[in-house]
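The values are calculated or read from the model by the stated rules, or taken from the named source; none is laboratory data. Owing to the predicted nature of the structure, the values given are computational and were not obtained by experimental measurement. Note that each Cβ is placed from the backbone with ideal geometry, even for glycine, and that neighbours are counted across all protein chains shown. SASA here: full protein model, heavy atoms, side chains in, ligands and nucleic acids out. Shrake-Rupley method; radii C 1.70, N 1.55, O 1.52, S 1.80 Å.
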Amino acid sequence: YQRRVHGESQPTMSSKAKKVAAPPKAVAKKPAGKTKETFHSQHAHLFEKDANDFRIGRDMRPKSDLSRFVKWPQYIRFQRQKAILKKRLKVPPAINQFAKTLDKNQAGNLFRLLANYRPESKEQKKLRLKAAAEAEVKDQPKATSKPLFVKYGINHIANLVEAKKTKLVVIAHDVDPIELVVWLPALCRKMNVPYVIVKGKARLGQLVHKKIVTAVALTDVRKEDAPKLDQIVQAARLLFNDDVAGRRKWGGGVLGFKAQAAVKKQEKLVKALV
């Protein structure tokens, strides 16, 4: 629309509209290459995604450490709880002395010596009695030499120690209840009999063809084994009979990791305030 002013035509405000941008040039499309057809692409319905479901009664869980989820037997739980209690509570010296045992090398030498004096098994005893009966029938002289075996049984060992007839007493460290042997080290010291504490009541039991044994004793050895016994006795007196400080030492009183961290944190705060 135009208005005529003084015979001249003037453009109106509506004639100043924005110019429209030109359309983009058409991009030539590249011819699509032929895709290689595979068995997977042709039969996609056979390869549907099936995620694992680890809920109850569904897929098997992958192998991992499940020890924290295991309901352990009662005797195992009691063993672990007892071990923790022994660390947390204060253990009196009479019981704490069983925590100190012979080291690996000395215990190996001791058990090699004791293995030479194992008592006869049931089969060996049967053969010995049979041979003695045959000798008696033939009027042959009987063997009068006393066999050298380790002695076992807590009452038998107590009698031997009181009579001072034993040269070495070996006590297991894990006897349960501990009251069975807690008095034996004091008796050995009173009678001046050397004693040692070793790991494993089952290991001592294996020596005498039993499941477990609280203690064993040596009354005598052959001449060729006398130097080995003297060496072990010397070490026993040094480590156990004459160790006064070890007999008076209390055990336990060890805090857990969380309690230790709390104590350290409190100490830091105290230092900061000071």
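Residue-wise HN-Hα couplings along segment 240-252, as the Karplus relation 6.51 cos²θ - 1.76 cosθ + 1.60 with θ = phi - 60° gives them from phi, are 10, 5, 9, 8, 6, 5, x, 6, 9, 8, 7, x, x Hz; Gly and Pro carry x. For every other residue with a beta carbon closer than 14 angstrom to the beta carbon of K71, add +1 if it is Lys or Arg and -1 if Asp or Glu, then tell me the sum. Net of charged neighbours comes to +3. A DSSP coil position with no more than 16 other Cβ atoms inside 10 Å describes the following trypsin sites (Lys or Arg not before Pro) in segment 188-232: K199, K210, K211, R222. Here is how the number arises for the chain: DSSP H runs of 4 or more residues each give -39500 (n - 2.57), the sum is divided by the residue count, and the result at 222 nm is -11000 deg cm²/dmol. Each Lys and Arg adds +1 at its Cβ and each Asp and Glu adds -1 at its Cβ; summed about the Cα centre, the chain shows a dipole of about 1600 debye. Counting only protein heavy atoms and a probe of 1.4 Å, the accessible surface of the chain is 57% carbon and sulfur. Peptides 152-159, 52-59, ordered by how many other C-beta atoms sit within 10 Å of their residues on average, highest first, read 152-159, 52-59.
Expressed to the nearest 5 percent, the antiparallel share of DSSP beta bridges inside the chain is 75 percent. Using the Cα gyration tensor of the chain, with a ≥ b ≥ c the square roots of its eigenvalues, what is the shape: rounded (a/c below 1.5), prolate (a/b larger than b/c) or oblate (neither)? Prolate. Distances between placed amide hydrogens fall under 5 Å for V91 paired with G251, G252, G253, all partners being 5 or more residues away or on another chain.
For segment 59-65, 3J(HN,Hα) computed residue by residue from phi via the Karplus equation (6.51, -1.76, 1.60; θ = phi - 60°) reads 6, 6, 6, x, 5, 7, 7 Hz, glycine and proline entered as x.
Quick one: accessible area per residue over segment 159-268, 1.4 Å probe, rounded to a whole number of Å²? Don't skip to the end; give the middle numbers.
Values: 6710 Å² over 110 residues.
Averaged over the residues of segment 159-268, the accessible area is 61 Å².
Within the shell defined by Cβ-Cβ distances under 12 Å, the residues around V274 carry a net charge of +1, with Lys and Arg each +1 and Asp and Glu each -1.
Under 1.5 on a/c is rounded, so check that first for segment 114-262, then, if it is not, pick prolate when a/b is larger than b/c and oblate when it is not; a ≥ b ≥ c are the square roots of the alpha carbon gyration tensor eigenvalues. Prolate, because a/c is 1.5 or more and a/b exceeds b/c.
Exposed loop sites here are GluC sites (Glu not before Pro) in DSSP loop states with at most 12 other C-beta atoms within 10 Å. What is the longest stretch of the chain lacking them? By the stated rule (loop sites, at most 12 other Cβ atoms within 10 Å), 49-274. Each Cα pair under 8 Å and six or more residues apart adds its sequence gap; the mean of these over the residue count of the chain is a relative contact order of 22 percent. Each residue was assigned an accessible area with a 1.4 Å probe, and for V213 the value is about 10 Å².
Counting only other residues whose beta carbon sits under 11 Å from that of T166, what net charge do I get with K and R as +1, D and E as -1? Let's see the in-between values first.
On the way: positive: K151, K164, K165, K167; negative: E162, D220.
My count for the surroundings of T166 gives +2.
Estimated at 0.36 nm per residue, the fully extended path between L255 and A202 surpasses their Cα-Cα distance by 16.0 nm.
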